[in-house]
1. Sort out which residues of region A:141-173 are of a type in the set (Phe, Trp, Tyr) and in contact with a strand residue (DSSP E or B) (Cβ under 9 Å, 6 or more places away or on another chain), and write them in order of number.
2. I'd like to verify a number: residues in region B:20-47 that are part of a helix (DSSP H, G or I) and in contact with a Phe, Trp or Tyr (Cβ under 9 Å, 6 or more places away or on another chain), how many?
3. When you go through A:Ile354, A:Ile399, A:Ile361 one by one, which is the residue that is buried (at least 16 other Cβ atoms within 10 Å of the Cβ) and over 30 Å from A:Gln226 (Cα atoms)?
4. List every residue pair whose Cβ atoms sit under 7 Å apart, with the two residues 6 or more apart in sequence or on different chains, where the first one lies in region B:139-154 and is assigned to a loop (DSSP other than H, G, I, E, B) and the second, anywhere, is crowded, with 21+ Cβ neighbours inside 10 Å and among the aromatic types (Phe, Trp, Tyr).
5. Would you mind stating whether B:Glu30 is in contact (Cβ under 8 Å) with a residue 24 or more places away in the chain and surrounded by fewer than 23 Cβ atoms within 10 Å (Cβ to Cβ)?
6. Please tell me if A:Glu36 is closer than 22 Å to B:Asn10 by Cα, within 14 Å of chain B (Cβ to nearest Cβ) and either at pLDDT below 85 or out of contact with any Leu (no Cβ under 6 Å at 6 or more places or on another chain) (or both).
7. Consider region B:69-85. How many of its residues are farther than 11 Å from B:Pro208 by Cβ and in contact (Cβ under 8 Å) with a residue 60 or more places away in the chain?
Amino acid sequence: MEVIKIATAGSVDDGKSTLIGRILYDTKSLTTDKLEAIEKTSKQRGYDYLDFSLATDGLVAEREQGITIDVAHIYFSTAKKSYIIADTPGHVEYTRNMVTGASTSQASIILIDARKGVIEQTNRHFFINNLLRIKDVVVAINKMDLVDYSEEIYNKIKADFSELMSKRDYQDQKITFIPVSALKGDNVVNKSNNMPWYKGQALLEHFEQLDKADIFNMGTPRFPVQYVIRPKTEEFHDFRGYAGKVYGGELSVGDDILVLPSKTRSKIKEIYFYDQKYQTASRRSSVTITLENDINVSRGDMIVKEGDLPTIDKEFTANVCWMDSTQLVPGAKYVVQHGVNKVLAKVDRINHKIHPDYSGIEKDVTGLGVNDIASVTFKLNKPIFYDQFKNHRTNGSFILIDTQSNNTVGAGFIQ
Amino acid sequence: MSTIKKDTSNINSLENEAIYILREVAAQFEKPVLLFSGGKDSITLVRLAVKAFYPAKIPFPLMHIDTGHNFPETIEFRDRLVKELGLELIVRNVQDSIDEGKVKEESGRYASRNQLQTTTLLDAIEEFKFDACIGGARRDEEKARAKERIFSVRDDFGQWDEKNQRPELFDMLNGQINLGQNVRVFPISNWTELDVWSYIERENIEIPSIYFAHTRKVFLRDGLIWSADDEVVYRDAHEEVIEELVRFRTVGDMSCTAAVLSDATTISKVVEEIRESTISERGARIDDKRSEAAMEKRKQQGYF
């Protein structure tokens, strides 16, 4: 089984860190020394319970303020699966961290405080999860202990959330509701006795039974060339291997292929993983491919199966999540990094801003500020080879790099 | 020949990810270097790099920042590995930084050269104009490291600005930097300690002998087992030297790495021991015990 990465989203004080700490505690993933440190600090602060959030909040400022600032990665495993939890902050101003955490995740948990119900930020968290096309989402209704484990309250929140679901763009997203108390451990790892009315699984049980088809996106095979391997040794004098990762599907020896952008035809001659040759390379394997013909291929080129071409264009429209304090304005130039390929791009126009709380779109926008999400059309100095994000998560996404600061200033999902 | 089912297990998917990252380093940077400590994580990195570029050689050198307080077994191992694989090794010594007056040797019971390494490392980066330094840090090791990026940008002073990190989305690694900046690269960010050991076992990778149970002269202090080497580790007269069957779970300097009692003499026994351990890996790192935020502070100053 591949490692499953789970993104978490919740507002301040929804108990996200506590939930993660609880999972670690109940799966016995916390080592004695870490547990002792939590006990010690909890006692120092005068708590009469163990503050599990101390297990994850790593930076000094986070511990001082009792909040999570940056995406933290937490690792644990069960007999069945290995998990990575991306603990992303829930503040309004940290949309970029949520998008970042969700971009590498296959499943996610949205936390709702049972006392507060669906709030504006819940809309936002759900919107981002849906925008990034995460296949499996758990809505964890937390702090059930503080509402007397009320079924009525749970049902009310479920109904409110279902209203949101009708507005979503990616309708196939699977959504599961689970009532929990992270603090008390109800329905987190173990089924709770406090809510006999709830017939579903505990949170971790849910993830344990997911299989590959439930969480991983498939598509057509794409092989972006990362690096050309030319050993120039006596033994491998004429060896010319194309190193890269296979995305979307499989590639096999003998496949008729095209190299983009030149559209030169060839066949796959060999597939290497280290010093072994294989007949087929499955998705997400980092292999080295050799071709029948001696053609010129370099980094940024893409090997695809004949008859299975992506769109090759110098213009595209994408939903952009802007992550920088500078403004994105029409006419501005950025580097588009699409996989391992980089091209120079100009913002042709901002079509409209999308309110991530499902309150509609806004036209006549002059610029984008940090955390804005908008439909933007770009013109490129040379063509890229892309698929729509909804068909290919990898080949349909890109990042924007500021040409002066070199910072990653935005992410985009091609429409 | 068969289908390469690279995604059927956890360790394979981590291996694929690490190879992808190492190839990005070779493609995006002009002067990368692999920071080699002789510990299991950097040995694992070397193995991954061999696989990533086969049949060509690893396209970057190794660099060891030698504190002069290393376990002799580690140094012997380092030199043998480099020779066998035909790699280029650069060594820079903390002793030289001390002699030049750039750093001051710590004194007292807890004296260690661990912190001093940072200065020697930053000087070497400047000397060779390295733009990417590959390291074996893992996010599961420690709370501050859990927030580290795979491509982590450092400023002219080697500093880590933890609150202002570049977002990393999907597989895309942005290696563009300004003059004077460099990038620390962590290809095994997502590996756990157990993953590393399982990989060493599966790949049959040779590691220094101190990782296996052996008889050693040690003394006890603060509940930890310290190596008794009077040249390097300060010891009070009342701290009695005893012989114990121990091994090291993590290998730093003699002055900052404590041993654990163990009878694991083979790799499979080590894996078994880690699997059942209730103490975290860095629980035996004296350098992390200085305060709750010891690692974060060192990282801000340019530590690995």
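1. Taking region A:141-173 first, the residues of a type in the set (Phe, Trp, Tyr) are A:149, A:154, A:161, A:170.
Of everything in region A:141-173, those that are of a type in the set (Phe, Trp, Tyr) and in contact with a strand residue (DSSP E or B) (Cβ under 9 Å, 6 or more places away or on another chain) turn out to be A:Tyr149, A:Tyr154, A:Phe161.
2. Residues of region B:20-47 that are part of a helix (DSSP H, G or I), as a first pass: B:20-28, B:40-47.
From the residues that got through so far, the ones that are in contact with a Phe, Trp or Tyr (Cβ under 9 Å, 6 or more places away or on another chain) too are B:21-28, B:40-47.
Residues flagged as part of a helix (DSSP H, G or I) and in contact with a Phe, Trp or Tyr (Cβ under 9 Å, 6 or more places away or on another chain) within region B:20-47 amount to 16.
3. Details: A:Ile399 fails: over 30 Å from A:Gln226 (Cα atoms); A:Ile361 fails: buried (at least 16 other Cβ atoms within 10 Å of the Cβ).
After applying the criteria, what remains is A:Ile354.
4. Qualifying pairs under 7 Å: B:Glu148/B:Phe186; B:Ile150/B:Phe186.
5. Numbers: in contact (Cβ under 8 Å) with a residue 24 or more places away in the chain: yes; surrounded by fewer than 23 Cβ atoms within 10 Å (Cβ to Cβ): yes.
Yes: the conditions hold for B:Glu30.
6. It is false that A:Glu36 is closer than 22 Å to B:Asn10 by Cα, within 14 Å of chain B (Cβ to nearest Cβ) and either at pLDDT below 85 or out of contact with any Leu (no Cβ under 6 Å at 6 or more places or on another chain) (or both).
7. In the first step, residues of region B:69-85 are kept if they are farther than 11 Å from B:Pro208 by Cβ; the result is B:69, B:79, B:82-85.
In the following step, the residues that additionally are in contact (Cβ under 8 Å) with a residue 60 or more places away in the chain were identified as B:69.
Qualifying residue count for the region: 1.
This table checks each residue for (1) of a type in the set (Val, Ile, Thr); (2) more than 28 Å from A:Ile84 (Cβ to Cβ).
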| residue | (1), (2) |
| --- | --- |
| B:Asn12 | no, no |
| B:Leu22 | no, no |
| B:Ser37 | no, no |
| B:Ala49 | no, no |
| B:Leu62 | no, yes |
| B:Ile65 | yes, yes |
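The values are calculated or read from the model by the stated rules, or taken from the named source; none is laboratory data. This structure is a prediction, so every number in the text was calculated from the model and none was measured. Neighbour counts run over all protein chains shown; Cβ positions are idealised from the backbone, glycine included.
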